[in-house]
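The next block holds one structure in the form of structure tokens; read it before the comments.
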Amino acid sequence: FCLEVSKPRFEQLQKNYRHTSHVRCFNFSSIAKNQFPTPEEVIRFYQTTHTTLNNVSIEEVLHWLKQDLDYLTKYPDILENGIELIKRAYQIEHFDLVVIDGSEFTGKVELELVYGAKIICLDDINAYKNYENLQRLSKDPNYVFLNLNWNLGNGYAIFKRIIPKPAGISAIIHTKNEA
């Protein structure tokens, strides 16, 4: 499942995967407008957390946020809550693999919506998009690092969910080996 909010990029995405039946493309916003951070939240992050985002002015960053929200207002036919819509339509409790690489401002809510996925890939860990997600998953006992690179682009990280074995499995296997 691929979500793309930009109409021109969505058209290109569809064109790229038109012969690939297992890829489904949606012109959706991953989250709702009211789930985007407020300008105050973005300013607080910018002032307290040094990332590559600080390489541009706070005015420019806030302009990006405004552009994202204005785009959703300009195109009311673009459905919001895309992750929730897909999970409901395809009866998905947890995705197998997720790449969080959307808008600079949607990553935190996207992680909430896909939490429990077997593998979570975070792009732009050295920016607003996934900096806090990196911190959260790094401390989460349900996930382990598979890979991390701070130097490629704005960095990326890949986490794998630890799936506990059901109680009693090792005893059953042990008993069978002894027989």
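The values are calculated or read from the model by the stated rules, or taken from the named source; none is laboratory data. Model, not experiment: these values are computed from the prediction. Every residue, glycine among them, receives a Cβ derived from its backbone with ideal geometry; neighbour counts consider all protein chains shown. Heads up: the accessible areas ignore ligands, DNA and RNA and are worked out on the full protein's heavy atoms, side chains in. Shrake-Rupley method; radii C 1.70, N 1.55, O 1.52, S 1.80 Å.
So which residues in the range 1-41 are open to solvent by 80 Å² or more (accessible area, probe 1.4 Å) and over 24 Å from residue 64 (Cα atoms), if there are any at all? Break it down into steps so the answer makes sense when it comes.
Filtering the range 1-41 for residues open to solvent by 80 Å² or more (accessible area, probe 1.4 Å) gives 1, 8-9, 11-12, 14-19, 21-22, 24, 34, 40.
Across the range 1-41, the qualifying residues are 1, 14, 15, 16, 17, 18, 19, 21, 22, 24.
Taking the range 51-149 and the strands (runs of 3 or more DSSP E) fully enclosed by it, the elements with 2 or more residues that are under 21 Å from residue 29 (Cβ atoms) and touching a helix residue (DSSP H, G or I) at 6+ places or on another chain (Cβ under 8 Å) are at 97-100, 119-123. Is it the case, given these coordinates, that residue 97 is open to solvent by 30 Å² or more (accessible area, probe 1.4 Å), under 11 Å from the mean Cα position of the chain (by Cα) and free of Cβ contacts under 8 Å to residues at least 40 places away in the same chain? So residue 97 passes the test.
Based on what the data block shows, is residue 106 within 19 Å of residue 34 (Cβ to Cβ), touching a residue at least 40 places away in the same chain (Cβ under 8 Å) and open to solvent by 50 Å² or more (accessible area, probe 1.4 Å)?
Values: within 19 Å of residue 34 (Cβ to Cβ): yes; touching a residue at least 40 places away in the same chain (Cβ under 8 Å): yes; open to solvent by 50 Å² or more (accessible area, probe 1.4 Å): no.
Against the criterion (within 19 Å of residue 34 (Cβ to Cβ), touching a residue at least 40 places away in the same chain (Cβ under 8 Å) and open to solvent by 50 Å² or more (accessible area, probe 1.4 Å)), residue 106 does not qualify.
Remark: pairs (first residue in the range 50-68, under 19 Å from residue 130 (Cα atoms) and among the acidic types (Asp, Glu); second residue open to solvent by 50 Å² or more (accessible area, probe 1.4 Å) and in a helix (DSSP H, G or I); Cβ separation under 9 Å; 6+ apart in sequence or on different chains) = 68/33.
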